[in-house]
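Worksheet for the structure shown next.
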Amino acid sequence: MGQTITQKIFEAHLRDTPTPGNMVLDLDVVMCHEITTPIAIMDLMDKGMDRVFDPDKIKAVIDHVTPPKDSKTATQSKIMREWARRHGIKDFFDIGRNGVCHALFPEKGFIRPGYTVIMGDSHTCTHGAFGAFAAGVGTTDLEVGILKGVCAFRAPKSMKIEITGTLPEGVYAKDIILRLIKELTVNGATDHVMEFRGPVVEQMDMSSRMTLCNMAVEAGATSGLCLPDETTARYLWEFIKDDYESLEAAVEDFKKWHSDPDADYAASLTLDVSDLEPQVTFGFKPDQVRDIGEMAGTRVDQIYIGSCTNGRIEDIRAAASILKGRTIADTVRGILTPATPAIYSQALDEGLIKIFMDAGFCVLNPTCGACLGMSSGVLAEGEVCASTTNRNFNGRMGKGGMVHLMSPLSAAAAAITGEITDPRQFL
Ligand SMILES: CC(C)[C@H](C(=O)O)[C@@H](O)C(=O)O
Ligand code: SF4
């Protein structure tokens, strides 16, 4: 019997099998941010175990509330900063160099095909876009990861998600993943790794693959991943060029992580996207998804373009393509948060920031901020936000607020009209 990519990664990293079905894996990267890591740091200090397994394999960023909004968040940042200095963690990103973890770390080349990655953050699955096994973990696992560089997982079940057809104009990876979550429901992929494949995924850039994998957890999945190929190798080339004779050699080597044709999948699903419409959520769960036409005319108060789901340059370009030469409705507030400094800088170079500002958007520094309702765009009671983020939980962006998840293009269309709008009318 052949193996899936996930089984291959598990086998290559297996340190121990303490009980049947439980596997302890060696970790290639442990990623840290200032909301969950300080709890682990303080606990390790209390236990007299303030150590790290390998400072080069730990990547740390202050991203959720930055610059800090109050004493509490300032203290969280301070604990991270001092810990990183104390242990010689050189890949530590503070104000001026910091951005949303799941956008920043890929951009720095920290994730490679076949890697095992953990973080105390549920959207760690984003990094599966590189053909890695990347999973969000709780404080105890994070502490063990930081101390020993290992993590225990249950033997994974794989779900094969085949995406076929041709993606219509104005329809994006975000629409695909929202549709998949609708079909699977919020726990349809529990205990599974979602393996995204098929011709549509093969044609996607890394940004779109990251959007897909980012929301795997919203269907309950342990992680999501894509098979590493030439697109992956090109994205990573500046970081891997000393390891390979040529790009072709890298692509060939990456194939060792491809699932075998006779691999065993616990479940499978095929989605033909040829007739897919832009998708929008309507309730407080990410599987409450409708075609945009059914939601057209719903009033919005705020537009939020950013986050680890859709705050990359490709997302900003898509939104700018219809904001150019237009202004946003005077009933809405528009907020753009490029996910990293490099994305922000690129958007400046391309004149995209000016397009947003001329349209009436407020442009913020890279941070999670409003995405989880902590700062920089929190909603008031009864307010509605058209958002490119990944969670529409009750109160997510502010108590009593409502969030409609959608693609950056759809969010830009809502900004222009002040209500949920099919963006294809502006193309
Ligand atoms: C703060 C963090 C623990 C949290 C997560 O794990 O996802 C956040 O990133 C989120 O998106 O809600
Ligand atoms: S951008 Fe939002 S979803 Fe992503 S890590 Fe930050 S808070 Fe979590």
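Looking across region 225-244 at every residue that is among the acidic types (Asp, Glu) and in contact with a helix residue (DSSP H, G or I) (Cβ under 7 Å, 6 or more places away or on another chain), the one that is surrounded by the fewest Cβ atoms within 10 Å (Cβ to Cβ) is identified as GLU230.
Residues are listed down the side, and each one gets a yes or a no for (1) surrounded by fewer than 20 Cβ atoms within 10 Å (Cβ to Cβ); (2) within 16 Å of ligand 1 (Cβ to nearest atom); (3) of a type in the set (Lys, Arg); (4) closer than 11 Å to ILE89 by Cβ:
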{"site": "CYS32", "(1), (2), (3), (4)": "no, yes, no, yes"}
{"site": "THR37", "(1), (2), (3), (4)": "no, yes, no, yes"}
{"site": "ALA40", "(1), (2), (3), (4)": "no, yes, no, no"}
{"site": "ASP43", "(1), (2), (3), (4)": "yes, yes, no, no"}
{"site": "MET49", "(1), (2), (3), (4)": "yes, no, no, no"}
{"site": "PRO55", "(1), (2), (3), (4)": "yes, no, no, yes"}
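Of the listed requirements (1) under 23 Å from MET210 (Cβ atoms); (2) within 12 Å of ligand 1 (Cβ to nearest atom); (3) out of contact with any His (no Cβ under 8 Å at 6 or more places or on another chain), GLY109 misses just one: (2). A Cβ distance below 8 Å, combined with a sequence gap of six or more or placement on separate chains, defines the contacts here; from region 276-304, residues that are in contact (Cβ under 8 Å) with a residue 12 or more places away in the chain reach residues that are among the acidic types (Asp, Glu) and buried (at least 23 other Cβ atoms within 10 Å of the Cβ) in the pairs LEU276/ASP175; GLU277/ASP175; PRO278/ASP175; GLN279/ASP175; PRO286/GLU218; ASP287/GLU218.
Looking at region 139-158, can you tell me whether even one residue there is within 13 Å of ligand 1 (Cβ to nearest atom) and buried (at least 21 other Cβ atoms within 10 Å of the Cβ)? Yes. Test LEU247 against the criterion of being touching a Phe, Trp or Tyr at 6+ places or on another chain (Cβ under 9 Å), surrounded by 21 or more Cβ atoms within 10 Å (Cβ to Cβ) and more than 30 Å from ALA386 (Cα to Cα), and give yes or no. So LEU247 does not fit the description; no.
The residues listed here are THR388, THR340, THR327, THR331; of these, the one that is β-branched (Val, Ile, Thr), touching a residue at least 12 places away in the same chain (Cβ under 8 Å), surrounded by fewer than 20 Cβ atoms within 10 Å (Cβ to Cβ) and touching a helix residue (DSSP H, G or I) at 6+ places or on another chain (Cβ under 6 Å) is THR327. Note on region 201-224: among residues that are surrounded by 23 or more Cβ atoms within 10 Å (Cβ to Cβ) and of a type in the set (A, V, I, L, M), the one that is farthest from ASP287 (Cα to Cα) is VAL201. Taken over region 272-299, the criterion of being outside any loop (DSSP other than H, G, I, E, B) and touching a Leu at 6+ places or on another chain (Cβ under 8 Å) is satisfied by GLN279, VAL280, THR281, VAL289.
Only one residue in GLY325, GLY306 is within 16 Å of ligand 1 (Cβ to nearest atom) and out of contact with any His (no Cβ under 7 Å at 6 or more places or on another chain). Which one?
Details: GLY325 fails: within 16 Å of ligand 1 (Cβ to nearest atom).
Answer to the selection: GLY306.
Pairing residues of region 121-136 that are closer than 15 Å to GLU195 by Cα with residues that are more than 14 Å from ligand 2 (Cβ to nearest atom) and of a type in the set (D, E, K, R), at Cβ distances under 8 Å and at least 6 apart in sequence or on separate chains, gives ALA129/ARG209; PHE130/ARG112; ALA132/ASP28; ALA132/ARG112.
Each reported figure results from applying straightforward, stated rules to the coordinates on display, with no laboratory input. Because the structure is predicted, anything quoted here is derived from the model rather than measured. Every residue, glycine among them, receives a Cβ derived from its backbone with ideal geometry; neighbour counts consider all protein chains shown.
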